[in-house]
Amino acid sequence: MNLDFSDDQKYLQEEARKFFEKEGGLSNARKVMDQSQDADHELWNKIVSLGWTAIRIPEAYEGLGLGHLELCVIAEELGRSLAPVPFSSSVYFFTEALIKYGSKEVKADLLPKLVTGEVVGTYAIAETSHQATESNLEVTSSGGVLNGIKIAVPDAGLASHIVVVTTSNNGTELRLVDLKDPSVTVSPQKNIDTSKAFFKVVFNNTPSQLLGQSGQGWQYIQHLLDQAAVLFAFEQVGGSQAALDMAKAYALERFAFGRQIGSYQAIKHKLADMYIAITLAKSNCYYGAWALSSESSELPLAAATARVSSTKAFQLCSKENIQTHGGNGFTWEYDCHLFYKRSKVLSVLLGSAATWKEKLVANLEKTNTLIKE
């Protein structure tokens, strides 16, 4: 089992890092926050022009026809720069839903437009502050129309289409909706990270198209969540590494009592703990990338493992980065709070940390049972 990336994939990651550095790095997130935008539209258009939105789309639909590993390396650099763009919503989730469950007509219509940026997608799962389950969904689909409310929908203000998890007489369904339809109302919601926009979406007899088979929606959504969890884990690792790099640089340049603060044992221990957490998370992410790219049956276990460890790493590193900066770490001028806020948002974006820990335990128990048998 080879868990490493190829030379071409490593080159793609290097070029992505150079691109974000050239385009301003963290200043893009600050610009979105200061100007109360839903995303950095200029940065997004440049990402589209680079072809990153086409990575997973088959060549038959004008895409690049590449694999998930290319997405993994891009995701890590997105996390490192905290890029305020709808890449995760549109590429990790919406595009994958169309590729796997869209009809030939839907694919022919929307996939080429995702390549050019004419279409931007997102997804809607949550309806209340409680974890969404198959039994507590209230957004209904009947006769091809939707009714109900979804909350905490990422990037809906910029998106043109959305994949919605609904309940119907046949069971759970995945439904495709045009957000430009007049029966849809989209309104912004506040969250701790204002460089990442979230919205409430209301459906009032909204026309929709079924993705896949009726009654199979919950199975579909779990697979999409597992796929997205691996990619989000790479984003979290990228953010963790950037926070560690920031803390290390400050510890080397800041002097107290005539010595670099990095020479003090308390700071050394903080940096060491951050490094250990990142190393563990990265190894689990590589396992997740292998399971994702090889379509392994181990994906649910690998995704949960990567998700839990990278969430822990990002939360630890973003917090300890603030602490390493001392009083400066709590100021608006320093960038520490940008990573802390993003770590909080990413920790719940696909479900709470507790939910993914439960998934991890359940998959470990299942694996142990199979081994014993």
Practice item. Please specify each residue of the range 329-343 satisfying the condition of being part of a helix (DSSP H, G or I) and without any contact (Cβ under 8 Å) to a residue 40 or more places away in the chain. Key: Gly329, Phe330, His337, Tyr340
Exercise for review: Please indicate, with yes or no, whether at least one residue in the range 329-346 is surrounded by fewer than 21 Cβ atoms within 10 Å (Cβ to Cβ), under 24 Å from Leu224 (Cα atoms) and in contact with a Lys or Arg (Cβ under 9 Å, 6 or more places away or on another chain).
Suggested key: yes
Practice item. Kindly indicate which of Leu50, Leu43 is crowded, with 16+ Cβ neighbours inside 10 Å and outside the structural domain of Val237 (by TED's automatic domain parsing). Key: Leu43
Review point. Taking only pairs six or more apart or across chains, which ones have beta-carbon atoms under 8 Å, a first residue in the range 344-365 that is under 15 Å from Ser88 (Cα atoms), and a second residue that is charged (D, E, K, R) and surrounded by 16 or more Cβ atoms within 10 Å (Cβ to Cβ)?
Key: Val345/Asp193; Val345/Lys196; Leu346/Glu235; Leu350/Arg307
Practice item. Determine whether the range 296-318 contains at least one residue that is without any contact (Cβ under 8 Å) to a residue 24 or more places away in the chain and not in a loop (DSSP other than H, G, I, E, B). Key: no
Exercise for review: For the range 19-40, indicate whether the set of residues that are over 20 Å from the mean Cα position of the chain (by Cα), among the acidic types (Asp, Glu) and not in a helix (DSSP H, G or I) is non-empty.
Suggested key: yes
Exercise for review: Scan the range 198-221 for residues that are assigned to a loop (DSSP other than H, G, I, E, B) and touching a helix residue (DSSP H, G or I) at 6+ places or on another chain (Cβ under 8 Å) and jot them down.
Suggested key: Gly212
**Study point:** Arg80 being in a helix (DSSP H, G or I), touching a helix residue (DSSP H, G or I) at 6+ places or on another chain (Cβ under 9 Å), of a type in the set (Lys, Arg) and not assigned by TED's automatic domain parsing to the domain that holds Cys285
**Key:** yes
Practice item. Please indicate, with yes or no, whether at least one residue in the range 224-246 is more than 21 Å from Arg342 (Cβ to Cβ), part of a helix (DSSP H, G or I), over 20 Å from the mean Cα position of the chain (by Cα) and free of Cβ contacts under 8 Å to residues at least 12 places away in the same chain. Key: no
Point to revise | Yes/no for Gln260 being assigned by TED's automatic domain parsing to the domain that holds Ala289 and either within 18 Å of the chain's Cα centre (by Cα) or crowded, with 16+ Cβ neighbours inside 10 Å (or both) | key: no
**Study point:** Residue identified as surrounded by 15 or more Cβ atoms within 10 Å (Cβ to Cβ) and without any contact (Cβ under 8 Å) to a residue 12 or more places away in the chain among Leu78, Leu66
**Key:** Leu66
Check your understanding: Do the conditions hold for Thr311, that is, is it modelled with pLDDT under 95 and under 18 Å from the mean Cα position of the chain (by Cα)?
Key -> no
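The values are calculated or read from the model by the stated rules, or taken from the named source; none is laboratory data. What you see is a predicted model, and the numbers here were worked out from it, not measured in a lab. Neighbour counts are summed over all protein chains in view; Cβ atoms, including those assigned to glycine, are modelled from backbone coordinates with ideal geometry.
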